[in-house]
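Each remark here refers to the structure printed beneath this line.
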Amino acid sequence: MSWLVKAADIGITATKIGFHLWHVSGMNKQDPVVKLNKKFIGNLGVSRQTRYRALNDLANAGLITIEQKNGHYPEVTLIFRSSRQSS
């Protein structure tokens, strides 16, 4: 199952955030690490609680990892899998 299909199974907010993470990753030359910041956060149009719930749902699904340091925005790493792998 593809990354995006798994995100879509979680819900619309997770899908929206997933698309945005992939977009930013592509702009950063395919770097799987996306540092969330005020600009990233503000462009999503969802509340802070909803955003973090969706990020946690993506992490629980094995699609991302989240590194949170006190006083800083989280750093998200996209987990790429080969299309041959089954889940």
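Taking 0.36 nm per residue of separation and subtracting the Cα-Cα distance, full extension of the segment from Val46 to Ile79 would add 9.6 nm. Return the label of the correct value of volume of the Cα convex hull per residue in Å³, as calculated from the structure shown, out of (i) 229; (ii) 89; (iii) 184. Among (i) 229; (ii) 89; (iii) 184, the one calculated here is (ii).
Given R₀ = 25 Å, what would the calculated FRET efficiency be for Lys38 paired with Ala8, taking r from the Cβ atoms and rounding to 0.05?
Plugging the Cβ-Cβ distance into 1/(1 + (r/R0)^6) gives 0.40.
Taking every alpha-carbon pair under 8 Å whose residues sit at least 6 apart, the chain reaches a relative contact order of 35 percent. Amide H to amide H, with H built 1.01 Å from N, Ile64 comes under 5 Å of Ala59, Ile79, counting only residues 5 or more places away or on other chains. Pairs of lysine residues in the chain that meet both criteria, 8 or more places apart or on different chains and Cα atoms under 17 Å apart, total 6.
Every number in this text was worked out from the coordinates using simple rules, so none of it is lab data. Model, not experiment: these values are computed from the prediction. Please note: Cβ atoms are built from the backbone with ideal geometry, for glycine as well, and neighbour counts cover all protein chains shown.
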